[in-house]
């Protein structure tokens, strides 16, 4: 569900804002108390924008957006007015003397989960409010016996036939239980611990879950295709198989079912982030035709557990992004700095995708981008949809907010490879400590993305296990780039 209200900065707009907020929130599974508190927060935010966003006597737009994305309610109040010191506004939100933080004079209480100010440089600012509508964690509702860690040496179940198919809504609880028993509470995507979110995401098609059922109808495994990028690709992940049913090809069968779903959706391909704590997943990706495209340095926290392999990691966990084509790759023209052309050409050669490099131009106009922070993974990401003359300024602001205010330990930036202004931005972002990590094929509606990464703490090479020669080459290159850009700071 998505709604957008465009209004002028006039006080007489406020009754319409209140009516819009009340009717919209009334359609969501919110308690009357929380709906009323969020309604008042929206009205106060718009009222503040009316009073302060633009100089006295100047007319300007205010945009109110409400987006319910499979249980994640996001509200934005955006203006294009006078730039503000976002750091001061964020500090006022998140630093307190022990009393509840105030927003427009009222305590935020427990009605929302996250509140942030977002900077858009000369294009104004936005207040971002996030509320999770499904907030019942499996750990609080399941019998402890159903959450006991898997015993890796448990005896195998008798040979039997398995049913591989799409999950049923009633199986969402079992999926959360499987994930908890395999990973504890350390899996970096917290949605897997909330059965209502799993059911809602599958109902709306943003996630496609496939399960393996044993002869008794109980779940023996789970794997999902997440449609989490802007382009025609999906991520295969959330994989788990009960150890008593291992060695029977269940993971491969579930992946095959998901690949068929991806083909039905006419995706260009699918990808998986293979962990580097071990090489098992990397071997599987290569065996099934995967092509290494990117090194996601430090994408997961060191607290992520791999039961039976390693419970505590010596550093943040890096993953290798393997891409699998579902259609024949077509030739493309990309724009990268001269320094990176050799490695980018090697990545496209490994992808078996023809590529040529275009002429560089200075970026023009204003940038458009989205910023995301995932607290469970302490990871920030900036997706640049359009490169502009102010891209570096906007990314710099976002980086400071993500690290200094939100506590991110790693920040990724994705730039459009089909934009002739991207090379100039890359060179400027290198001066901020960002290094090239690889390519995201078809990750955006307009084509491929170039991924850069900033690490708060450096990573050692030894804990990053690799399986194939090209993985050795790309990991070594990406780590060397981190050293180069950090030494230049």
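The values are calculated or read from the model by the stated rules, or taken from the named source; none is laboratory data. Everything quoted here is computed from the prediction, not taken from an experiment. Positions of Cβ are backbone-derived with ideal geometry, glycine not excepted, and every protein chain shown enters the neighbour counts.
Here are some notes:
- One residue stands out in segment 367-376 among those that are over 18 Å from residue 445 (Cα atoms) and surrounded by fewer than 17 Cβ atoms within 10 Å (Cβ to Cβ): the one that is farthest from the chain's Cα centre (by Cα), namely 375.
- Condition broken by residue 199, with the remaining ones in (1) touching a helix residue (DSSP H, G or I) at 6+ places or on another chain (Cβ under 7 Å); (2) more than 30 Å from residue 353 (Cα to Cα); (3) crowded, with 22+ Cβ neighbours inside 10 Å; (4) in contact (Cβ under 8 Å) with a residue 60 or more places away in the chain satisfied: (4)
- Segment 347-361, residues that are outside any loop (DSSP other than H, G, I, E, B) and under 26 Å from residue 297 (Cα atoms): 347, 348, 349, 350, 355, 357
- The strands (runs of 3 or more DSSP E) falling completely within segment 70-132 that include 3 or more residues that are modelled with pLDDT under 80 and under 20 Å from residue 2 (Cβ atoms) map to 114-119.
- Qualifying residue in segment 139-156 (condition: under 19 Å from residue 199 (Cα atoms) and touching a strand residue (DSSP E or B) at 6+ places or on another chain (Cβ under 8 Å)): no
- Among the candidates 319, 353, residue that is crowded, with 21+ Cβ neighbours inside 10 Å, out of contact with any helix residue (DSSP H, G or I) (no Cβ under 7 Å at 6 or more places or on another chain) and touching a residue at least 40 places away in the same chain (Cβ under 8 Å): 319
- Test for residue 364: is it farther than 17 Å from residue 443 by Cα and in a helix (DSSP H, G or I): no
- Restricting attention to segment 407-437, the residues that are outside any helix (DSSP H, G or I) and buried (at least 20 other Cβ atoms within 10 Å of the Cβ) add up to 15.
Residue by residue, here is whether (1) more than 24 Å from the chain's Cα centre (by Cα); (2) at pLDDT 95 or above holds:
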position	(1), (2)
240	no, no
246	yes, no
255	no, no
272	no, no
284	no, no
293	no, yes
303	no, no
308	yes, no
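- From the list 299, 343, the lone residue that is touching a residue at least 60 places away in the same chain (Cβ under 8 Å), in the same structural domain as residue 269 (by TED's automatic domain parsing) and assigned to a helix (DSSP H, G or I) is 343.
- Subset of segment 1-34 (residues that are under 27 Å from the mean Cα position of the chain (by Cα) and assigned to a helix (DSSP H, G or I)): 24, 25, 34
- Residue check for residue 198: out of contact with any strand residue (DSSP E or B) (no Cβ under 6 Å at 6 or more places or on another chain), outside any loop (DSSP other than H, G, I, E, B) and under 30 Å from residue 327 (Cα atoms): yes
- Residue in segment 377-402 that is surrounded by the most Cβ atoms within 10 Å (Cβ to Cβ), counting only those that are in a helix (DSSP H, G or I) and touching a strand residue (DSSP E or B) at 6+ places or on another chain (Cβ under 7 Å): 391
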